[in-house]
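J.: After the structure tokens below, expect a handful of questions from me.
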Amino acid sequence: MKKLSTKEIRNMWLNFFKSKNHHFLQPVSLIPVEDPSLLWINSGVATLKPYFDGRKNPPAPRLTNSQKAIRTNDIENVGVTARHHTMFEMLGNFSIGDYFKKEAIEFAWELLTSEKWFAIDKNKLYITVFEEDPEAYDIWINIIKIKPDHIFKMNRETNFWDVGQGPCGPNTEIFFDRGEKWDKEKKGTKLLSEDIENDRYIEIWNIVFSQFNNDGTNQYSDLPRRNIDTGAGLERIASIFQDTPTNFETDIFWPTINKIQSLTKNNFSYSIENYTNPKKEQTKINTNFKVIADHVRATSFAIADGVFPGNKERGYIIRRLIRRALIKGLNLGIENTFLYTLVDCVIESMSDFYPYLIDKKELIIKTIKTEEEKFLLTLNKGYEVLNKIIFSKKIVSGEDALLLFESYGYPVEQTLEIAEEKKVKVDIDKFYKLMDLKKQQARESRKELKAWDNQNELFTKLNITSEFTGWEETIHNSARVLYIFDENGSVQKVNNKNVFVILDKTPFYAEKGGQVGDSGVLVKNGIEFKVTDTQQGPKNQNIHSVNVTGELSVGDVVDAIVDHEKRVLTMKNHSGTHIIHSALRAVLGHDVMQSGSYNDEFGLRMDFTYNESITQEDLKKVEDLVNTKIHESIKREVYFCSIQDATNKYKALAFFAEKYDEIVRVVKFGDFSSELCGGTHVKNTKDIEELLVTSIQSKGSGVYRIKCLTSFKTISKYIKEEFKIYLQKISEIKTKYNNLKNILESKELEEIFEYVNKLEISKLNYEILKSKLVTLNDKFKVFEKRVLDLQSEQKINLYKNYKPELVEGVNYVTIEAEGLNIPVIKVLIDEYKNKYDRLIIKVFSKTTDQNFVVVGVTQDIQDKYKAIDIFKSLEKQPKGGGNASLAQGKYI
């Protein structure tokens, strides 16, 4: 067997399958695209779901990839077991309706055992198959010639891939025998046949034969198109070729572990020998190293893909990984921030296949270091809170442990350790029950769908070719109807019904890439059929949703006419999205990454990642830069080329969340903007006319959403509407002012009212009016406070001259008032307290909708009389609370 580096293994895998006519799919972002069922890309096949269920046609029927993935459902096992990771890389080969069991097994065996490729000794390989799959067993025995004692028939639990509704099927697994030194009890192949957890036989390949459809009630039918889904973990294969005890001693993690060793104190070091002669304390130390190495790799990739530490979903997971790794560092005596110093090791190990990590290096380092600094402060606070809980309660409840964990990021292991030192019990069982409940609620809130969508037979067989002509036209005469279908399948003719139609040529743009689908009409013999929407089919067909009022048949010739105004406005917004994306990067820095957009005739919306605050000044610079580029009249250029030429020659931005075809389309506006895009665009930036930013909001975890408008007409309409809204709000403030001006006048407010009433509607005055409204709100609050103070003073004057009644050396004052609220009553009581010693004062006040009571006691008699006690003894039985000095509440 060859000794191969991780890089060599990955390259050999991909080159082998390329030699077998498999199309190579570039790895995509860890953030799923258009798949709300997944929080992360969690497998190599997760990015291919639309190909398997028929919604999209794959670039080729044979595919291969090496895809990064994240799973955090069993994070507690990371570092404890030999092969668990938060982020891992899956090598894959896939067949979409092409080859099946025989070829898949033959490919696997050739790659693993051929001297040209991995050259693994055949005697070291063992196989499992599903006991009800004689076909796979026969292939292994009679074609591959595997020894009968090297193959085992297993049950549904181990060898049938089924996650509920959707495609499923039997699978066969390939294991590598690491030898008797990893089998101390000498159980041999019993470890395999009885599915016993072990370190001797390591699964290195899993082939799923996706041939059935589960209807959700475990009723199975044959799929219209059978598929092959293969997965092989790169990290565990590397451990085989590099003969390491676990995945963590391979060239993927070892440089990081070495770097950690250079930072530890008290002579903590990683011990490979511990795996053959385990010691409890050293095992704990090794685990700390492994968790750190694993988590810093996953975190680095997530940040590079646009996920930042936060309090929700992906951001929360990244925050948890950083905090968990930092705690493990503390266990190794590393007391300061250090994770950020390990990023270089991650990039050095992984950037050959993921070169974009190099460009994101500074962003990753800065983000991790900032989060570390925040957590160290939080950790100290958590320690203080824990000590208070121990001191006051003499026990740490499950709720307390969860509070420490969630609010302060305080690991439960630390809670247990400190509580043990203080000889205090922790209700750990309750903690884990509460944690499980939280996880269950999170899963339910996401409605996580683990199954594929049902494979759509209509789509899997929809091989019709349709040409899009709409990049340069909105009308195409004499288009031929190729296909009509409804919810029940294809039809040749339809009368007065809503159906889906495919044309041989169409100017209608199908919704994708953030651009809305076109609408318009199909005209047959002067009769118009309304097109309400256009969506993309599996072979890039543009599928028109058509309201047929009359008769339409396959073979009919129609004129396809796009709603021109909608298309033009949408193009302005789509081009505006490209320009503002470049402007954001120019003003805020290249850490800005678009993470989603939507353009229609009404405006544009773009989400982007940026882990800093954005000021109004920044936003104004962005808007001004966009409008400068619009007025420069930059001509649009379009190029069809390879992805390499797009990024290298035309400097086009490519988003790692997307999958691209071999030939891509570049839309370029001079040297300012260049992006891969299939959408429709204006011919010149001057056609956008103008851009106005209407709002920007933070969506948390370093994600912002910006909304804008383009075109003079749209912006003018918006400004008129906003002008009315702002003037109405100012009018409402003016009405309130007029109701109060008999108490107090404000020349400053009156000047603002007079100024805004003279403003004519324009973009410049819209900005002024918006600013004036903010100023007016602030100044009116100050004015209202002054009026309230005056009113309070006037009201207090009615009640501040009551004479106390002296009884046994104590001054008593009881006041029955009208119209005083609690803040005013408190001011009144303070006046009496400042005027008299040894005072007990009770003030009752009736207002239009509430009855209040406040009791005050001066400090010199609080040893004998307390306000709260007097309050509780009142006949009117008020509800409220307080202390020795003051108590307040309401009564009926």
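The values are calculated or read from the model by the stated rules, or taken from the named source; none is laboratory data. Keep in mind that this is a model prediction, so the values were computed, not measured. Glycine also receives a Cβ, built like all others from the backbone with ideal geometry; neighbour counts cover every protein chain displayed.
J.: Any residue at all in the stretch 34-48 that's outside the structural domain of Gln541 (by TED's automatic domain parsing), touching a His at 6+ places or on another chain (Cβ under 7 Å) and free of Cβ contacts under 8 Å to residues at least 60 places away in the same chain?
T.: No, the conditions are met nowhere in the stretch 34-48.
J.: I'd like the residue in the stretch 386-416 that is free of Cβ contacts under 8 Å to residues at least 24 places away in the same chain and β-branched (Val, Ile, Thr) and, out of all such residues, is nearest to Ile327 (Cα to Cα).
T.: Only one residue fits best here, namely Val412.
J.: Taking only pairs six or more apart or across chains, which ones have beta-carbon atoms under 7 Å, a first residue in the stretch 513-532 that is farther than 25 Å from His681 by Cβ, and a second residue that is assigned to a loop (DSSP other than H, G, I, E, B) and modelled with pLDDT of 95 or more?
T.: Between residues of the stretch 513-532 that are farther than 25 Å from His681 by Cβ and residues that are assigned to a loop (DSSP other than H, G, I, E, B) and modelled with pLDDT of 95 or more, the close pairs are Lys524/Asp556.
J.: Turning to a different aspect of this structure: With respect to the numbered conditions (1) among the small types (Gly, Ala, Ser); (2) at pLDDT 95 or above; (3) surrounded by fewer than 21 Cβ atoms within 10 Å (Cβ to Cβ), which one is the sole condition not fulfilled by Ala238?
T.: (3)
J.: Among the residues of the stretch 319-333, is there at least one that is under 19 Å from the mean Cα position of the chain (by Cα) and surrounded by fewer than 21 Cβ atoms within 10 Å (Cβ to Cβ)?
T.: Checked the stretch 319-333: at least one residue is under 19 Å from the mean Cα position of the chain (by Cα) and surrounded by fewer than 21 Cβ atoms within 10 Å (Cβ to Cβ).
J.: Can you confirm whether the stretch 217-228 contains a residue that is in a strand (DSSP E or B), outside the structural domain of Cys345 (by TED's automatic domain parsing), at pLDDT below 95 and basic (Lys, Arg)?
T.: Yes, some residue in the stretch 217-228 is in a strand (DSSP E or B), outside the structural domain of Cys345 (by TED's automatic domain parsing), at pLDDT below 95 and basic (Lys, Arg).
J.: Of all residues in the stretch 380-438, which are closer than 23 Å to Asn311 by Cβ and aromatic (Phe, Trp, Tyr)?
T.: Those that are closer than 23 Å to Asn311 by Cβ and aromatic (Phe, Trp, Tyr): Tyr383, Phe405, Tyr408, Tyr410, Phe431, Tyr432.
Table: residues versus (1) assigned by TED's automatic domain parsing to the domain that holds Ala304; (2) of a type in the set (S, T, N, Q); (3) under 23 Å from Ser701 (Cα atoms).
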{"residue": "Gly315", "(1), (2), (3)": "yes, no, yes"}
{"residue": "Asn331", "(1), (2), (3)": "yes, yes, no"}
{"residue": "Asn336", "(1), (2), (3)": "yes, yes, no"}
{"residue": "Thr341", "(1), (2), (3)": "yes, yes, yes"}
{"residue": "Ser351", "(1), (2), (3)": "yes, yes, no"}
{"residue": "Leu357", "(1), (2), (3)": "yes, no, yes"}
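J.: To continue, here is another question. Determine whether the stretch 141-157 contains at least one residue that is under 23 Å from Ser210 (Cβ atoms), aromatic (Phe, Trp, Tyr) and without any contact (Cβ under 8 Å) to a residue 60 or more places away in the chain.
T.: yes
J.: Please verify whether Val531 is modelled with pLDDT of 95 or more, outside any loop (DSSP other than H, G, I, E, B) and under 36 Å from the mean Cα position of the chain (by Cα), treating the condition exactly as stated.
T.: So Val531 passes the test.
J.: Do any strands (runs of 3 or more DSSP E) lying entirely in the stretch 637-721 carry at least 1 residues that are exposed (fewer than 14 other Cβ atoms within 10 Å of the Cβ), and which ones are they?
T.: Qualifying strands (runs of 3 or more DSSP E): 663-669, 691-700.
J.: Considering only the stretch 173-207, state which residues are part of a helix (DSSP H, G or I) and either in contact (Cβ under 8 Å) with a residue 60 or more places away in the chain or not basic (Lys, Arg) (or both).
T.: Those that are part of a helix (DSSP H, G or I) and either in contact (Cβ under 8 Å) with a residue 60 or more places away in the chain or not basic (Lys, Arg) (or both): Glu180, Lys181, Trp182, Leu191, Leu192, Ser193.
J.: Between Asn65, Asn11, Asn77, which is without any contact (Cβ under 8 Å) to a residue 40 or more places away in the chain and either under 19 Å from Met350 (Cα atoms) or hydrophobic (A, V, I, L, M, F, W, C) (or both)?
T.: Result: Asn11 is the single residue among Asn65, Asn11, Asn77 that is without any contact (Cβ under 8 Å) to a residue 40 or more places away in the chain and either under 19 Å from Met350 (Cα atoms) or hydrophobic (A, V, I, L, M, F, W, C) (or both).
J.: Out of everything in the stretch 259-282 that is in contact (Cβ under 8 Å) with a residue 60 or more places away in the chain and either surrounded by 13 or more Cβ atoms within 10 Å (Cβ to Cβ) or part of a helix (DSSP H, G or I) (or both), what residue ends up being farthest from the chain's Cα centre (by Cα)?
T.: Phe268
J.: If you don't mind, another one. If we scan the stretch 632-640, do we find a residue that is polar (S, T, N, Q), touching a strand residue (DSSP E or B) at 6+ places or on another chain (Cβ under 6 Å) and over 28 Å from Pro61 (Cα atoms)?
T.: The answer is yes, given that some residue of the stretch 632-640 is polar (S, T, N, Q), touching a strand residue (DSSP E or B) at 6+ places or on another chain (Cβ under 6 Å) and over 28 Å from Pro61 (Cα atoms).
J.: Name the residues in the stretch 420-432 that are basic (Lys, Arg), over 14 Å from Phe405 (Cα atoms) and either crowded, with 16+ Cβ neighbours inside 10 Å or in contact (Cβ under 8 Å) with a residue 24 or more places away in the chain (or both), would you?
T.: Lys422, Lys425
J.: Among the residues of the stretch 873-884, which ones are among the polar types (S, T, N, Q) and under 51 Å from the mean Cα position of the chain (by Cα)?
T.: Scanning the stretch 873-884 gives a single hit, Asn883.
J.: Here is a further query. Looking at (1) surrounded by fewer than 18 Cβ atoms within 10 Å (Cβ to Cβ); (2) assigned to a helix (DSSP H, G or I); (3) not β-branched (Val, Ile, Thr), which is the only condition Leu769 fails?
T.: Going through (1) surrounded by fewer than 18 Cβ atoms within 10 Å (Cβ to Cβ); (2) assigned to a helix (DSSP H, G or I); (3) not β-branched (Val, Ile, Thr) one by one, Leu769 breaks only (1).
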